[in-house]
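Visitor: This is the structure I want to talk about, given as C-alpha cells.
The values are calculated or read from the model by the stated rules, or taken from the named source; none is laboratory data. This one's a predicted model, so the numbers in the text were calculated from it and none came from an experiment. So basically every Cβ, Gly included, is an ideal-geometry build from the backbone, and we count neighbours across all protein chains shown.
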Amino acid sequence: MTKSLSTAPSTTLSRHERHRFRTELNTMAVEPSRRRGPGVPLYVKTLPDPDPDPDPAAHEYPSDATEIVINPSGKASYPDERPEDRTVEGILLRRSAHTHRQVAAMESLWCAGCGGRPDVDRRGMLWVLPAAGVRRAGFPAGPLLVDVPPLCLADAARALRASDDPPGDVLALRVTEAEVVGVRGTVYAPTGEALGAPEVVLFDDPRVHRVVADQLIREITRAEIDDTTLSAFAHRPADH
C-alpha cells in the first residue's frame, strides 16, 4: 500500500520506498512527455534556485572519464563506471555536482534549497509551481511531471521573492502521492552518438537505458492547492 507523504517522514523510508513518492519544481521548458493514454503529463518549469551556487565550476564532480560508451547489454556507461554513477533503476547519471545534488534530493525528498526536511502538514508535502504549467497539465484531472524537490517554508519564501512571476502566477501544492517515473537527459544511439537535445524519458520507454540523465522526474498524482501558505508569505518580512 502506498504510504502518505504527510505521514511518512523521508527519514523513516528506505531508498526504494522513497523512490515511490514524488515532488518537484524546476527551471526547464514546459514540454509534453512520451506517455501512454490521452492524459499527457507536462514537464513543468518552475521557480529559480532559492540559493544559487555563485561558482558552479568550483564544485565539479570528480571524474576519471566522461566518455559515453554503449556496453554489451545495450546500456549507456562510462569506461571507469562506479556504483554512484547510476540511479536505483540503473540509469546512468551525468557526472556533475548539480546532477548528483538533484538526484539525491529527489530520491530522499530533501528541500530543494537547504537540503533539509521539506515542510509537511496534515495536507501533505509542500511544492511550489507556476500556475500556468499546472493549468496546462490539467491538474488535478491529469498527472503532473516535475523535476525539482519540495521546499521548506523558508526556502519557498526565498524562491518566491527571487521569482519574476507575479504572486498570482505561482501555486503551492500539498502533495501526498508522488513517484519517480523517469529522467531528463540525453538519449544515445546504439552506436554511441548523442541523439539531440535533452528530453524527458520515462522508465517504460525502451530508450531509457541509453540515456545519460541530468535529472530525476517525479509525477505528482495526488495533491491539493494550498491557498494559505503563499498568502502568509506576503505578510512576512524578508529573512536575511
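Visitor: Can you tell me which residues in region 94-116 are of a type in the set (S, T, N, Q) and either over 15 Å from residue 180 (Cβ atoms) or more than 13 Å from the chain's Cα centre (by Cα) (or both)? Quick ask: steps written out before the conclusion?
Guide: Step one: list which residues in region 94-116 are of a type in the set (S, T, N, Q), which gives 96, 99, 102, 108.
96, the sole residue that qualifies.
Visitor: If you don't mind, another one. Determine whether residue 212 is closer than 15 Å to residue 92 by Cβ, assigned to a strand (DSSP E or B) and among the aliphatic types (A, V, I, L, M). Outline the logic, then answer.
Guide: Working: closer than 15 Å to residue 92 by Cβ: yes; assigned to a strand (DSSP E or B): yes; among the aliphatic types (A, V, I, L, M): yes.
Considered against the rule, which asks whether it is closer than 15 Å to residue 92 by Cβ, assigned to a strand (DSSP E or B) and among the aliphatic types (A, V, I, L, M), residue 212 comes out as yes.
Quick grid of which residues meet (1) under 29 Å from residue 152 (Cα atoms); (2) within 13 Å of the chain's Cα centre (by Cα):
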| residue | (1), (2) |
| --- | --- |
| 169 | yes, no |
| 176 | yes, no |
| 180 | yes, yes |
| 186 | no, no |
| 189 | no, no |
| 197 | no, no |
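Visitor: Let me ask something else. Might you check whether a residue that is among the polar types (S, T, N, Q) and at pLDDT 95 or above occurs anywhere in region 183-194?
Guide: Here is the first cut: in region 183-194, the residues among the polar types (S, T, N, Q) are 186, 191.
In the following step, the residues that additionally are at pLDDT 95 or above were identified as 186.
Among the residues of region 183-194, at least one is among the polar types (S, T, N, Q) and at pLDDT 95 or above, which makes the answer yes.
Visitor: Among what's in region 122-146 and is of a type in the set (D, E, K, R) and either in contact with a His (Cβ under 8 Å, 6 or more places away or on another chain) or modelled with pLDDT of 90 or more (or both), pick the residue that is farthest from residue 174 (Cα to Cα).
Guide: The first filter runs over region 122-146 and keeps only residues of a type in the set (D, E, K, R), leaving 122-123, 135-136.
Retained after the next criterion (residues that are either in contact with a His (Cβ under 8 Å, 6 or more places away or on another chain) or modelled with pLDDT of 90 or more (or both)): 122-123.
Numbers: 122: 9, 123: 6 Å.
The selected residue is 122.
Visitor: Here are 119, 165: which of them is over 23 Å from residue 202 (Cα atoms), in contact with a strand residue (DSSP E or B) (Cβ under 7 Å, 6 or more places away or on another chain), of a type in the set (D, E, K, R) and modelled with pLDDT of 90 or more? Spell out how you get there, then give the answer.
Guide: Details: 165 fails: modelled with pLDDT of 90 or more.
Going through 119, 165 in turn, just one is over 23 Å from residue 202 (Cα atoms), in contact with a strand residue (DSSP E or B) (Cβ under 7 Å, 6 or more places away or on another chain), of a type in the set (D, E, K, R) and modelled with pLDDT of 90 or more: 119.
Visitor: Examine region 182-205 for a residue that is of a type in the set (Asp, Glu), in contact with a Pro (Cβ under 7 Å, 6 or more places away or on another chain) and closer than 23 Å to residue 104 by Cβ, and state whether such a residue exists. Give the derivation first.
Guide: Step one: filter region 182-205 for residues of a type in the set (Asp, Glu), giving 193, 199, 204-205.
Cutting the leftovers down to in contact with a Pro (Cβ under 7 Å, 6 or more places away or on another chain) gives us none.
No, region 182-205 contains no residue that is of a type in the set (Asp, Glu), in contact with a Pro (Cβ under 7 Å, 6 or more places away or on another chain) and closer than 23 Å to residue 104 by Cβ.
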